[in-house]
Amino acid sequence: MPRILAIDYGQKRTGIAVTDELQIIASGLTTIPSSEAIPFLKDYFSKEKVEAVLIGEPKQMNGEPSQSASIIKGFVTHFTNHFPDMKVIRVDERFTSKMAFQSMIDNGMKKKQRQNKALIDEISATIMLQDYLTRKMF
C-alpha cells in the first residue's frame, strides 16, 4: 500500500512526516530548508510510492486564514505544478506547533533540545498526519 506524506511548510523550514506502508503509524521523516522542498520530494517520490500528500492549512482561531496562508497557497500551487497527479489534502494545522512543543516536554527533552525549531516542524507534520489517520479510521 502506498504511503501518505505530510508537509508542514514554512517560510524557512519544512517539516515532513510519512506513514508506514500500512498507513497506520505516522513518523517524522525530516526537516529541510523550504527552498529545497520540491527537489527533496522529487527524489523521495522516485524511491517510495506515495498515495497522497497532506499540506497544512494555517487558520486563526475564528477559522479565517492566517497571515502565512498566502505563502502556503503559493507552495501548494508550485507543488501541484510539479506533481499534477498527486492527490493533495489540505488539513487544519492549528495548534500543531504548540502540541509538538508540549510533546517534547512530555517526553523529557531538555530545554536546549526543545529550542530546535526544525524538530518542532517535523513533529508538527507528524501530529497532522497522525490526526488525519485517526479521523480516516472512523
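Just so it is clear, none of the values below were taken in a lab; they were calculated from the coordinates. These numbers were taken from a predicted model, which means no experiment stands behind them. In this analysis, Cβ positions are derived from the backbone assuming ideal geometry, glycine residues included, and neighbour counts consider all displayed protein chains.
Below, the figures for the structure above:
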| item | result |
| --- | --- |
| Cross-link table 110/136; 49/112; 47/73, entries beyond 30 Å C-alpha to C-alpha | 110/136; 49/112 |
| Gained length - residue 27 relative to residue 52, 0.36 nm times residue gap less alpha-carbon distance | 7.5 nm |
| Amide H contacts under 5 Å for residue 29, placed H, 5+ residues apart | 16, 17, 18 |
| Estimated vicinal HN-Hα couplings, Hz - region 42-57 in sequence order (Karplus 6.51, -1.76, 1.60; Gly, Pro = x) | 4, 5, 5, 5, 6, 9, 10, 7, 10, 7, 7, 10, 8, 10, x, 10 |
| Full-extension gain in nm, residue 70 to residue 135, via 0.36 nm per residue minus C-alpha separation | 20.8 nm |
| Estimated vicinal HN-Hα couplings, Hz - region 121-135 in sequence order (Karplus 6.51, -1.76, 1.60; Gly, Pro = x) | 5, 5, 5, 4, 4, 5, 5, 4, 5, 5, 4, 4, 4, 5, 5 |
| Highest average packing first - 67-73, 82-88, 121-127, Cβ atoms within 10 Å | 121-127, 67-73, 82-88 |
| Distant-in-sequence amide H partners of residue 89 (H built 1.01 Å from N, under 5 Å) | 53, 54, 55 |
| Selection of trypsin sites (Lys or Arg not before Pro), region 1-64, meeting DSSP coil and at most 16 other Cβ within 10 Å | 12, 49 |
